[in-house]
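The structure appears right after this line, and notes come after that.
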Amino acid sequence: MEPALSPIRSHHVAVIGAGPAGLVAARELRREGHSVVVFEKQKQVGGTWIYTDEVESDPLSVDPTRSVVHSSVYSSLRINGTRECTGYRDYPFVVRSGVSESRDRRRFPSHGEVLAYLQDFAREFGIEEMVRFETEVVKVSPAAEGEIGKWRVESTEKEKRVRRDEIYDAVVVCNGHYVEPRLAEIPGISSWPGKEMHSHNYRIPEPFKDQVVVLIGNSSSAEDISRDIATFAKEVHVACRSNPADTFIKQTGYNNLWKHSSIECVHEDGSVVFQNGKTISVDIIMHCTGYKYHFPFLDTNGLVSVDDNRVGPLYKDVFPPAFAPWLSFIGIPWQVLPFPMFELQSKWIAGVLSGRIPLPSKEDMIMEIKTFYSTLEVQGIPKRYTHRMGNTQFEYDNWLASQCGCSETEEWRKEMCLANVVRKEAHPETYRDEWEDHHLISQAYQDFSLYS
Ligand code: FAD
């Protein structure tokens with residue numbers, strides 16, 4: 001370990017984005033004594049949780065000239081984890097006393113309740129005074145060539161049409177990773193006459209009335225949207241490459257919803273052929289195939305890059321060794337409980353920047369990343385899954401917590417998260433309304449009383 005930076009130093013830090021990651025980053029950086037400016041291109045805090053009817057002009061979101069809509073949230077969306085697990089560790093996502101009756105009190109509330117919670121968080125901790133709204137960061141680059149340290153942050157303010165060019169000691173990237181769609185490759189698609197879209201541009205089911213729709217993917221979005229659409233569409237077929245080749249299952253409770261294996265090919269006559277041998281005439285294919293990491297503003301001369309959805313090299317998914325600690329990323333891992341992880345990553349970054357928490361040497365960080373990549377390779381895990389955590393997330397969170405001197409992830413949170421994964425898999429249509437883990441809820445609320 002290299003000695004810590006001379007403690008305790010305060011720095012001028014730019015945070016990009018005022019979604020759940022940027023909000024908690026701003027709080028932790030300021031708590032640590034840094035001066036913080038948060039750049040946010042939208043009009044309000046909340047990031048992806050700001051629902052909008054608006055969709056992009058290109059339903060597949062591949063046209064580079066399109067005007068980008070940030071949120072991928074659809075109208076019926078309810079969170080896919082429990083309230084207790086979803087919130088930040090020290091600002092639980094509970095129904096607070098004195099809030100309006102119109103708030104969604106359910107254990108798995110709608111997207112609007114998450115936005116309200118984030119607005120409460122921002123108000124409670126005075127975050128908005130650090131945010132420059134409607135200000136988009138267009139370029140981040142090292143301030144002086146060949147010199148590691150300061151960053152030049154170029155931004156444009158929409159309303160006043162002001163372009164700013166400023167120097168910061170450090171940049172924390174919190175721009176969100178559910179904006180730039182990934183698409184499935186479908187043999188024959190260039191001559192298929194139907195309509196294609198990505199779930200990024202899905203909002204409501206009514207436009208699918210009487211249509212035959214194929215959704216590709218096995219994410220929460222595919223699961224939710226297929227059920228949403230089935231109430232209006234003539235037929236809904238979900239194609240998933242992780243299903244066995246002969247999969248053809250009618251979903252219970254529906255007379256128009258089927259699960260298949262992957263699509264084998266599509267034809268000029270509008271038909272879609274599945275690996276299970278079924279052929280169906282289809283109107284719309286919706287790609288529910290996830291997103292790509294995308295940092296259009298970041299100019300690091302290739303020292304940080306995205307290759308097949310691996311952002312790298314990153315030490316512990318946060319610091320690129322070439323620029324550590326002056327450039328960092330929050331929210332790169334997926335299949336995680338995001339908010340608690342953002343909170344721990346933020347505390348770590350804030351403490352490392354002030355010199356309170358030491359980082360290994362650049363060489364040691366690079367060595368660790370190389371070892372990690374080799375382990376993935378040996379295990380046959382594709383590059384695009386580099387940042388997928390799942391079961392290893394709590395080990396990661398606990399490591400961050402140990403760096404920051406915080407307590408480890410609560411036992412109830414781990415157990416509740418795992419129980420929810422199992423319930424969701426077994427009962428995708430009812431897991432948000434029926435559960436048995438009452439003892440875990442009691443334990444969670446006992447802990448929450450510390451913060452109320
Ligand atoms: P975001 O929320 O995307 O915020 C990023 C912010 O950065 C935005 O406000 C954006 O405007 C701003 N920004 C981006 N680029 C710039 C720029 N150049 N200049 C200035 N500002 C910029 N998580 C859960 O915990 N539970 C769920 O049930 C759940 N469901 C989800 C469902 C869907 C459909 C999606 C897409 C995601 C879901 N998530 C869920 C994950 C969700 O993305 C995270 O909870 C969280 O919103 C990520 O926070 P973030 O701050 O990293 O990114």
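Arrange the following residues from fewest to most other Cβ atoms within 10 Å of their Cβ: 399, 412.
Values: 399 14, 412 20.
Neighbour counts put them in this order, fewest first: 399, 412.
For the pair residue 415 and residue 165, how long in nm is the line joining their label points, each one 7 Å along Cα→Cβ?
Taking the simple label geometry, residue 415 and residue 165 are separated by 5.9 nm.
Pairing the Cα long axis of helix 362-378 with the longest principal axis of the chain, what angle in degrees results, from 0 to 90 and rounded to the nearest 10?
Orientation of helix 362-378: about 20 degrees from the principal axis.
Neighbouring Cβ atoms within 10 Å as the yardstick, rank 260, 439, 12 fewest first. Can you show the working numbers first?
Details: 260 24, 439 11, 12 15.
So the residues, fewest neighbours to most, are 439, 12, 260.
With a/c under 1.5 counting as rounded, go ahead and sort the chain into rounded, prolate or oblate using the C-alpha gyration tensor (a ≥ b ≥ c being the square roots of the eigenvalues; past the cut-off, prolate if a/b is larger than b/c, else oblate). Please report the intermediate quantities before stating the final value.
On the way: a/c = 1.65, a/b = 1.42, b/c = 1.16.
Note, shape of the chain comes out prolate.
Taking H placed 1.01 Å from N in the peptide plane, check which residues at least 5 places from residue 138 or on another chain put their amide H under 5 Å from its amide H.
154, 155, 156
Using a 10 Å cut-off around each Cβ, can you sort 35, 374 from fewest to most neighbouring Cβ atoms?
374, 35
Does anyone have the angle between helix 393-404 and the longest principal axis of the chain? Alpha-carbon axes, 0 to 90°, nearest 10?
10
Does region 216-283 come out rounded, prolate or oblate, given a ≥ b ≥ c as the square roots of the eigenvalues of its C-alpha gyration tensor, rounded meaning a/c under 1.5 and, failing that, prolate meaning a/b above b/c?
Working: a/c = 1.68, a/b = 1.25, b/c = 1.34.
Oblate is the answer for region 216-283, as a/c is 1.5 or above yet b/c matches or exceeds a/b.
Quick one: which residues, 5+ away or cross-chain, put their amide H under 5 Å from the amide H of residue 241? H built at 1.01 Å from N.
217
Classify region 365-440 as rounded, prolate or oblate from the Cα gyration tensor: take a ≥ b ≥ c as the square roots of its eigenvalues, call it rounded if a/c is under 1.5, otherwise prolate when a/b beats b/c and oblate if not.
Working: a/c = 4.24, a/b = 1.53, b/c = 2.78.
Here region 365-440 falls in the oblate category.
Rounded to the nearest 10 degrees, what's the angle between the helix 20-31 long axis and the longest principal axis of the chain, both from Cα atoms, 0 to 90?
Taking the Cα atoms of the chain, the angle to 20-31 is about 10 degrees.
Dipole magnitude of region 297-402 about its Cα centre, charges +1 at Lys/Arg Cβ and -1 at Asp/Glu Cβ only, in debye to the nearest 20? Numbers along the way, then the final one.
Details: 9 positive and 11 negative charges, 15 e Å.
Using Cβ point charges on Lys, Arg, Asp and Glu, region 297-402 gives about 80 debye.
Hey, what do the phi angles of region 444-452 turn into as Karplus ³J(HN,Hα) couplings, whole Hz, using 6.51/-1.76/1.60 and θ = phi - 60°, x for Gly and Pro?
4, 5, 5, 5, 4, 4, 5, 9, 8
Every read-out reported here was derived from the displayed coordinates using simple, explicitly stated rules and does not represent laboratory data. On a predicted model such as this, the values are computed, not experimentally measured, just so you know. Please note: Cβ atoms are built from the backbone with ideal geometry, for glycine as well, and neighbour counts cover all protein chains shown.
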